[in-house]
Amino acid sequence: MTTSPGPLDRWYEAAGVRGGVRRIFHAEAEQGRVFFPEALVPHLDHPEVRALPPERIRELTVRHLYQFLHATTHLETRVVNGAAEPVANGRVGMDFSAALRMDAFKVYCDEGYHALYSLDLADQVANVTGIAVPDVDYGGFVTALQAAGRALLPDDPLLAGQLQAVVFETLITAVLNEVPQDPTVVSTVRELMRDHAKDEGRHHRFFSAFFLQLWGRLDQRRRIAAGRALPAMIRAALDWDLGPVHTSLRLAGLGEDQARAVLADAYGETAVTARIQTVSRATVRLAAQAGAFELPGVAEAFAAHGLREPEDHDD
């Protein structure tokens, strides 16, 4: 009997941490390009923001890049590695194979490297442009995600951690793939995002397969609890972290009332729900593949967060 190749079988040859290059930002080669796709920065289209001088708008896009890169360092090290380590060291109370445990260590190595080069690029851009990285908490996503886990699985913190990692790792690939395709973006940013997306594509496949193995080892009670917790975790992972955005708007020159109005208009419920529905499709389909929607209360929990079972998950 032959087994199909695993997503991390060629890790020693293909992983960025094994053979990647350090991406260096050269400002002189990037004239006329933006630091983040403007279509992915909701507040840039607000009238209050469009009325700002061009240099202030440029600073807003740079600070949005900082937010993305610094949030990545928190999520990769605190959420994904926080879940990968117990699997790798056999501390989750389940019998996973030695091969899967070694794959979890490969993920662990990758994520530390992703955090390093994200922080490195933010530091390079700050030094070259002179636009400082604001002194704010970029770990709001992690706080929200972990709070959702504690609230819904208070007696099962290890399972909560595993689900948080599955959710994040099956969401991030969709986000990363949006940036490298945009030729208006600074090439160093596009290259780094492309590097990251290659690794995360493999991680997506690993965590999808891992989730199905994890699900198969849960009893009915834990499956129901996990299924009901997933939509809140998806929501927490994709809700905008508005603290750094608020700080960026104030640094751009907007008053407090103006900044609050921009946040309310650009990040309202309708826009957030539409984004979540789009980005979470693969994660929701994975839950459906596992049979989560067949359990009591799960479909209702997803619907409460603006999510529903995909019609094509059996294709």
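For this structure, a couple of remarks:
- Evaluated with a Cβ-only charge set (Lys, Arg +1; Asp, Glu -1), region 54-304 carries a dipole of roughly 640 debye about its Cα centre, given to the nearest 20.
- Fully extended contour minus Cα-Cα distance, from residue 99 to residue 51, at 0.36 nm per residue: 11.7 nm
- Label corresponding to percent of Cα pairs over 27 Å apart when calculated from the structure given, among (i) 39; (ii) 56; (iii) 45: (iii)
- In order along region 291-297, phi translates into HN-Hα couplings of x, 4, 5, 7, 8, x, x Hz, rounded to whole numbers, per the Karplus curve 6.51 cos²θ - 1.76 cosθ + 1.60 with θ = phi - 60° and x for Gly and Pro.
- Ordering of 60-69, 87-96, 173-182 by packing [mean C-beta count within 10 Å, highest first]: 60-69, 173-182, 87-96
- Counting only Cβ charges, +1 for Lys and Arg and -1 for Asp and Glu, the dipole size of region 121-184 around its Cα centre is about 60 debye.
- The separation of region 162-205 from region 52-116, counted between C-alpha centres, amounts to 11 Å.
- Considering only 113, 79, 125, the residue lying farthest towards the positive end of the dipole of region 1-140 is 113, judged by Cα position with unit charges set on Cβ.
- The charge dipole of region 88-147, taken about the Cα centre with unit charges on the Cβ atoms of Lys, Arg (+1) and Asp, Glu (-1), comes to about 240 debye, rounded to the nearest 20.
- From phi via Karplus (6.51, -1.76, 1.60), per-residue ³J(HN,Hα) for region 262-279 in Hz, x at Gly/Pro: 4, 4, 5, 6, 7, 10, x, 4, 4, 5, 5, 5, 4, 5, 5, 4, 6, 6
- Förster-model FRET efficiency, 45 Å R0, residue 224 and residue 27, C-beta, rounded to 0.05: 0.25
- In this structure, the amide hydrogen of residue 34, modeled 1.01 Å from its nitrogen in the peptide plane, lies closer than 5 angstrom to those of 185, 186, counting only residues at least 5 positions away or on a different chain.
- The chain: relative contact order in percent, alpha carbon pairs under 8 Å with at least 6 residues between: 23
- Relative to the current alpha-carbon distance between residue 256 and residue 187, full extension at 0.36 nm per residue lengthens the span by 21.4 nm.
The numbers here are math on the coordinates, done by the rules we state, and not lab data. Here the structure is a predicted model, which means the values were calculated and not measured. FYI the Cβ positions are ideal-geometry reconstructions off the backbone, even for glycines, and counts take in every protein chain you see.
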